[in-house]
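S.K.: This is the structure I have questions about; it appears just below.
The values are calculated or read from the model by the stated rules, or taken from the named source; none is laboratory data. Given the structure is predicted, the values throughout are model-derived calculations rather than measurements. Positions of Cβ are generated from backbone atoms using ideal geometry, with glycine treated the same way; all protein chains shown enter the neighbour counts. For the accessible areas, the whole protein counts, side chains as well, though only heavy atoms, and no ligand, DNA or RNA atoms are used. Shrake-Rupley method; radii C 1.70, N 1.55, O 1.52, S 1.80 Å.
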Amino acid sequence: NLDNNNQITDYTADYVIGQSDFTSNIATVTQSGLSSPQDLAYDFINQRLFVSDSNNRILIFDVTSITNGEDAINVLGQSDFTSNTSATTQSGLSGPQSLTYDSTNQILFISDQDNNRVIVFDVTSITNGEDAINVLGQFDFTSSSGATAQNRLVTPRGLAFDSINQRLFVGDDGNSRVLVFSVASITNGEDAINVLGEQDFVSVTQVRTQNNLYYAYYLTYDPENQLLFVSDDWSHRIMVFDVTSITNGEDAINVL
């Protein structure tokens, strides 16, 4: 719980989701259970928590009030709460990783790693197992091959969303780069508008320099200063890019 200033009141968790209590750790495929959850996104308007679950699904929890081990209210990627099938379809997922949420348009972006794509859901209202509305990284919903091109991905992981400029940043891990997509409107398989970590859209160099990445894992975005933080996994560092405007292959401004 937080106080009125949004500060943590203590360092003891108040609730748990995915287990019935604080001492259990059983991986399950149920309406309340999780297996190796990967990432989270929060809808602060509707107070919904989206959880990327290694059961090839996204569970959605109502966190208006929380009960330990509560049931999810919806599921994406599966038609029900007891299935965990990997699929390359308009409604299926295979190895979902990161999530990011567009609160204005109520759009959820999911990096569907094993399908080498980012899949896009309209979550204004949710029907269990509903179809995605768009896909990036593939031309259609039934393709999954990885490639190095302006509109393709290889094992995408991290996502970050710039709500002001309507840009989606995708950590294209297998290509050691970050692709930047304009998502004001989306066309399936559309071209990225920029690339970071490589000089162009067809190179994979995997070196350690001021403008290169060696496997781009997770991302986070500072909207106030328009800074993108990229975990550069095999270089054991965080790269910081000024994305006020972007030049393909631009230098990072800082490293941590």
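S.K.: How many Å² of accessible area per residue for region 94-247, probe 1.4 Å?
M.R.: Values: 5750 Å² over 154 residues.
Accessible surface, normalised per residue, equals 37 Å².
S.K.: Which shape class, rounded, prolate or oblate, goes with region 1-114 when its Cα gyration tensor gives a ≥ b ≥ c as root eigenvalues, a/c under 1.5 marks rounded, and past that a/b bigger than b/c marks prolate?
M.R.: Numbers: a/c = 2.11, a/b = 1.36, b/c = 1.55.
Oblate shape, in that a/c is at least 1.5 and b/c is the bigger or equal ratio.
S.K.: On the accessible surface of the chain, probed at 1.4 Å, how many percent belong to carbon and sulfur atoms?
M.R.: Values: 5290 of 11500 Å².
In the chain, the share of accessible area belonging to carbon and sulfur is 46 percent.
S.K.: Follow-up. State, to one decimal in nm², a quarter of the convex hull surface area for the C-alpha atoms of region 156-256, i.e. the direction-averaged projected area. Don't jump to the answer; show the numbers that get you there.
M.R.: Details: hull surface 22.7 nm².
Here the figure is 5.7 nm², rounded to one decimal.
S.K.: In whole Hz and in residue order, list the ³J(HN,Hα) couplings for region 177-194 that follow from phi through the Karplus curve 6.51 cos²θ - 1.76 cosθ + 1.60, θ = phi - 60°; x for Gly and Pro.
M.R.: Karplus-based 3J(HN,Hα) across region 177-194 equals 7, 10, 9, 10, 10, 7, 10, 4, 9, 10, 10, 3, x, 5, 6, 5, 8, 8 Hz.
S.K.: Would you work out which of Ala160, Ser36, Gly171 lies farthest towards the positive end of the dipole of the chain? Charges go on Cβ: Lys and Arg +1, Asp and Glu -1.
M.R.: Gly171
S.K.: Please label the shape of region 201-256 as rounded, prolate or oblate, based on the square roots a ≥ b ≥ c of the eigenvalues of the alpha-carbon gyration tensor (a/c under 1.5 means rounded; beyond that, a/b larger than b/c means prolate, else oblate). Walk me through the numbers on the way to the answer.
M.R.: Details: a/c = 1.90, a/b = 1.33, b/c = 1.43.
Oblate is the answer for region 201-256, as a/c is 1.5 or above yet b/c matches or exceeds a/b.
S.K.: Quick query: amide H of Asn55 versus all other amide H atoms, modeled in the peptide plane; which residues come in under 5 Å with a sequence gap of 5 or more or a different chain?
M.R.: Residues meeting the amide H criterion: Ser35.
S.K.: Provide Rg and Dmax in Å for the chain, with only Cα atoms included in the calculation.
M.R.: 18.3, 50
S.K.: Can I ask one more? Amide H to amide H, which residues 5 or more places from Gln78 or on other chains are under 5 Å from it, using H placed in the peptide plane?
M.R.: Here the answer is Ile58, Gly129, since their amide H atoms fall under 5 Å of that of Gln78.
S.K.: Classify region 128-187 from the C-alpha gyration tensor, please: rounded if a/c falls under 1.5, else prolate or oblate depending on whether a/b exceeds b/c. It would help to have the intermediate numbers written out before the result.
M.R.: Details: a/c = 1.64, a/b = 1.02, b/c = 1.62.
It is oblate, given that a/c is not under 1.5 and a/b is not larger than b/c.
S.K.: Largest first and in whole Å, give the semi-axes of region 60-112's equivalent ellipsoid, each being the square root of 5 times a Cα gyration tensor eigenvalue.
M.R.: Numbers: eigenvalues 87, 59, 17 Å².
Gyration-tensor ellipsoid for region 60-112: 21, 17, 9 Å.
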